[in-house]
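Here is the structure we will look at.
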Amino acid sequence: MPSAEGNLTWVAATERPDLLAPPVAAALDHVPGARVAPIDAALADTAAFCEAYDVAPEASANCVVVEARRGEVTTLAAVMVLATDRADINRAVRRHLGARKISFADQAKAEELTGMEQGGITPVGLPGDWPVLVDQAVAAAGSVVVGAGVRGAKLLLDAVVLTQLPGAEVLDLAVR
């Protein structure tokens, strides 16, 4: 039966920093109790990951990077929703960030600014001035799986930790 842990072998993230992107490893003090597991990088995308490793989609939280613009001001932000939901980028996120226009950040730009790989971007270790918008369902989910900054690993942590990251805010962000 699918669960947050699935059939992966989890170890304390502090014991395996080699499985983490450098900014994620440097931010482990913000995520007490985080565990990490290696995965096949080809299976990093949520649906394939959940199926291959028997992880429940409702215990998997996706992180997308958005670029919000209003006049000359551009804000980059992370948006966290459960794999079972879709983020309301054009309404809820755009309004919350006070933007006229919003879009998903360019992949190359997101990788450069975060120091993480696309498909593994996580709110852990993001630049401190970025808003981290956490959907209320993620905050209430208990244990969740998120990216590790690289496609070849995942982090398992208590979702409450996401709400305590620098810049984190809990909002109703999902279209259900």
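Note on Ala47 and Thr75: their simple-model spin labels are 3.2 nm apart, each label 7 Å out from Cα toward Cβ. Shown in residue order for segment 47-56 are the 3J(HN,Hα) couplings computed by the Karplus curve 6.51 cos²θ - 1.76 cosθ + 1.60 at θ = phi - 60°: 4, 5, 4, 4, 5, 5, 10, 6, 9, 5 Hz (x for Gly and Pro). Under 5 Å between amide hydrogens, built in the peptide plane, is the criterion, and for Ser143 it picks out Ala159 among residues at least 5 positions away or on other chains. Based on alpha carbons, the Rg and Dmax found for segment 11-175 are 14.6, 46 Å. Applying 0.36 nm per residue to the separation of Val160 and Asn90 and subtracting their alpha-carbon distance, the gain on full extension is 22.6 nm.
If you filter segment 57-108 for trypsin sites (Lys or Arg not before Pro), then keep DSSP loop positions with at most 16 other Cβ within 10 Å, what is left?
Working: sites: Arg69, Arg70, Arg86, Arg91, Arg94, Arg95, Arg100, Lys101; in loops: Arg100.
For trypsin sites (Lys or Arg not before Pro) across segment 57-108 that sit outside H, G, I, E and B with at most 16 neighbouring Cβ atoms in 10 Å, the list reads Arg100.
List the GluC sites (Glu not before Pro) within segment 105-173 that DSSP assigns to loop and that have no more than 11 neighbouring Cβ atoms inside 10 Å.
Values: sites: Glu111, Glu112, Glu117, Glu169; in loops: Glu117.
Loop-located and lightly packed - none at all.
Pop the C-beta distance of Asp172 and Ala108 into the FRET formula with R0 = 35 Å and round what comes out to the nearest 0.05. Show your work: numbers first, answer last.
Numbers: r = 31 Å, r/R0 = 0.89.
In this case the efficiency is close to 0.65.
Have a look at the DSSP beta bridges in the chain and tell me what percent are antiparallel, nearest 5. Numbers along the way, then the final one.
Details: 27 of 36 bridges.
Restricted to the chain, the bridges split so that about 75 percent are antiparallel.
3J(HN,Hα) along segment 147-155, derived from phi through the Karplus expression 6.51 cos²θ - 1.76 cosθ + 1.60 where θ = phi - 60°, amounts to x, 10, x, 10, 6, x, 7, 9, 9 Hz, with x in place of Gly and Pro.
Every read-out reported here was derived from the displayed coordinates using simple, explicitly stated rules and does not represent laboratory data. Predicted model, so just to flag it, every value in this text is computed and none were measured. Because the Cβ atoms are built from the backbone with ideal geometry, glycine has one as well, and the counts that use them run over all protein chains shown.
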